[in-house]
Each structure stands twice: as C-alpha cells, then as structure tokens.
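A quick write-up on the structure given underneath.
The values are calculated or read from the model by the stated rules, or taken from the named source; none is laboratory data. Please read all numbers here as calculations on a predicted model, not as lab measurements. Cβ atoms come from the backbone with ideal geometry, glycine included; neighbour counts cover every protein chain shown. These area figures cover heavy atoms from the full protein model, side chains too; ligands, DNA and RNA do not enter into them. Shrake-Rupley method; radii C 1.70, N 1.55, O 1.52, S 1.80 Å.
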Amino acid sequence: MGETVAPGNGAMARALAEAEAAGAAGEVPVGAVLVDAAGAIVAAAGNRVERDHDPTAHAEMIVLREGAARLGVKRLDGCDLYVSLEPCPMCAAAIGLAHIRRLYFAAFDPKGGGVEHGPRIFTQPTCHHRPDIYGGIAERAAATFLRRFFEARRNRQ
C-alpha cells in the first residue's frame, strides 16, 4: 500500500496537509486519509471539485474510491478514515456504504456537515452501518485554516 502512520494524529496531520495543498490549488481546503487495520495509508487526497469539474470530487469520496480499487473490495471493513472537516451528507452516506470502521474528523461543520450536524446520516433508520465517530481531533488547526482560506477568498472578491 503506502506509508505506515503512527497511531493517533499522524494520519490526521496528513489529512491536514492534504487540505492545505487543496487550498493552495484553489479548492475548498479539505483533506482525507484512508488507513487500513495495520496502519498503512491506502489513499490520501484533497478536494478536487474545481480541478476535475466534478461536484462529487470531495476528498472523502476520492479516498474511498481509490481505497476500494487498490484493495479490490467494495467494503472497506477494518479501515479508518481521517478527514480535516466533518463530512457532508453525501460523503457520510458513502462512508456508511463503505463500512468504514472509524471516522475521525477535525473541524465541525454546522452549516454543511452531515455527521454531527444537518441530517446526521448515521442516526437515520435507513443507515445500515455506523462507524465509530471521533470529532474535534486537531479542530483548532483545521478551523483556523478554513477560516483564513474563506477570509482570503472574500477579500479577493
């Protein structure tokens, strides 16, 4: 697969780096990292909506697709997902369909989130798989980066 990350915030640090790279490329700065049960990074990406002209090219969707393709499976049982921002409803639904074991995210997203905010996808009776959820990991760093990105974008307009 890829490099192995230390348990804890190593994968989240990589997700934040992916978010920073996405922001530098003009994307909304969100990054995601998929890690297998042994701690190896299976896939890592930042948002590519603008680059790919694809409204579904969120970092989470990209790493779920790449991870499933690399592992040759449709369900990523035993894999953990690290994301720099609370996943939106689309990504949360895909996380459930992928059978992700644990979801770790940095900043909460009261406006567009789908895990702890909005439709709370994993609490719906139609949700067949709910990962263990850990929010607020490195929240301050992620929230500060997002705030600066959007302030800079507003100032350019």
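For region 21-85, evaluate the Debye formula with one uniform point scatterer on each Cα (no solvent term) and list log10 I(q)/I(0) at q = 0.15, 0.16, 0.18 Å⁻¹, rounded to two decimals. For region 21-85, the Cα-only Debye profile gives -0.43, -0.49, -0.60. Computed from the alpha carbon atoms alone, the convex hull of the chain holds 104 Å³ per residue.
Model label sites at His53 and Met90, defined 7 Å from Cα along the beta-carbon direction, differ in position by 1.6 nm. Using a 1.4 Å probe on the protein heavy atoms only, what accessible surface does Tyr104 show? Give it in Å² to the nearest 10. Its accessible surface works out to 40 Å², give or take rounding. When every alpha-carbon pair in region 49-137 is counted, what percent end up more than 22 Å apart? The answer is 21 percent, as a whole percent.
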